[in-house]
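Visitor: Next up is a structure, given as structure tokens.
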Amino acid sequence: MKLKRRSELIVAAVLALAGGAGAQGEELISETLVPSYLWIEAWKDPPGFLGTGVAEPAAGLALHLPGSRSSRFHLDVSDEELMAMFAVEPPPVSREQLDVSGEELLRYDLLPGGIVLGRVARGTDELSGARVEGNAELGIALRLADGRVVNCPQLAPGALRACLAFTAQEQDALVDIVPLDGATPRLAPAFAGSPLARLLVRMDGVPHGVLPETRGWKSVIVDREARCEVRGTELVLTADLEVRFYYDGNGSGWARRARTVEALATDFIGPRCAPDLANELAPLAEIAGWLALLRLAEELDPSGVAALRGAELASR
């Protein structure tokens, strides 16, 4: 686990981590301390995150605090607890890990309370052999093996660039909301500062807003399935989402699923008598469909997608 220091100590956060560390720890956090706080630069899976399902005991973490009367003091916290508190990016959980048999293999603190999208779009046979054409400014098209050109749905250039960057990084976790008042949401680097950043943060709050009875659980929005098909000269994308709610296994530290709610991409005609999760998450379903399409395009035409990314980097 790689740590850095910046100016200004968040004393409250350190005290919270120290918990009942006792007089020794309280003595070390004094007015003589040079302001500094810690945050995670890079993630490293702790022992027992995935694998046997048995976590190895976590040793107390020793932190160097410049300016204190002792060069070290010990916090009775595990690596994963500290990473979950100070990380600036979502933990590197893959979509496949969320479907692993026996969800007790997932550590609760290292499970993003956010959005994890990692499906590859399921295409029809006529997409076999398709090649990628176009650019983010004018739109992307697929040239089919029979020579026909089908246009992909429109997506704002800045949003498309962020999606291209995200799929290049081979990550699945987009957002992880920090459970601390006023804390900045963690975003995958490709989306941080992008036109999609605020949308993704808003989408992550939809499940608890529509279903307030679930606010005691950690919500994870995942892509259940994504599909694409040719209709005339257009490529139509559809993505089904699913919201999973987890709790920490009554203090065990392992993620246990409490409830699952579907958000299927279905049409609806008529007045809505109650908040509709699928309708509220429709903007996220569009992003899920695009990410899934780009992953499919990379399987069909890796050189075409690489050229597309190269052109986007050159245009900046």
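Here, each number is a calculation from the coordinates, and none is a lab measurement. Small disclaimer: the values here were computed from a predicted structure and weren't measured. Cβ placement follows ideal geometry from the backbone for every residue including glycine, while neighbour counts extend to all protein chains displayed.
Visitor: What does the charge add up to near Asp240, with Lys and Arg as +1, Asp and Glu as -1, over the other residues with Cβ less than 12 Å from its Cβ?
Guide: 0
Visitor: Using label points projected 7 Å from each Cα along Cα→Cβ, tell me how many nm separate Glu126 and Arg231, to one decimal.
Guide: Between Glu126 and Arg231, the label points sit 1.3 nm apart.
Visitor: Let me ask you something else. What whole-number value in cubic angstrom gives the convex hull volume per residue for the C-alpha atoms of region 192-248?
Guide: 116
Visitor: By how many nm would the segment from Arg202 to Val88 lengthen if fully extended, with 0.36 nm per residue of separation less the alpha-carbon distance?
Guide: 39.2 nm
Visitor: Can you give me the distance in nm between label points at Ala307 and Ser252, each placed 7 Å from the Cα along the Cα-to-Cβ direction?
Guide: Each label point lies 7 Å from its Cα, and together they span 5.3 nm.
Visitor: Another one. Whole-Hz ³J(HN,Hα) for each residue in region 227-244, computed from phi via Karplus 6.51 cos²θ - 1.76 cosθ + 1.60 with θ = phi - 60°, x for glycine and proline: what do you get?
Guide: After applying 6.51 cos²θ - 1.76 cosθ + 1.60, I find 9, 9, 8, 8, 10, x, 9, 10, 9, 9, 9, 9, 9, 9, 10, 8, 10, 10 Hz.
Visitor: Check Trp254: other-chain or 5+ apart residues with amide H under 5 Å from its amide H, H built from backbone geometry?
Guide: The list, which skips near neighbours in sequence, is Tyr108.
Visitor: Given points 7 Å out from each Cα along the Cα-Cβ axis, report the Ala168 to Asp276 separation in nanometres with one decimal.
Guide: 3.8
Visitor: Mind ranking 210-218, 280-288 by how tightly packed they are, going by the mean number of other C-beta atoms within 10 angstrom, highest first?
Guide: Top of the packing list down: 280-288, 210-218.
Visitor: Then there's this: List, in order, the whole-Hz ³J(HN,Hα) value for each residue of region 296-307 obtained from phi through the Karplus relation with A = 6.51, B = -1.76, C = 1.60 and θ = phi - 60°; use x for Gly and Pro.
Guide: Per residue, the Karplus-derived 3J(HN,Hα) values read 5, 4, 5, 6, 6, 9, x, 5, x, 5, 4, 5 Hz.
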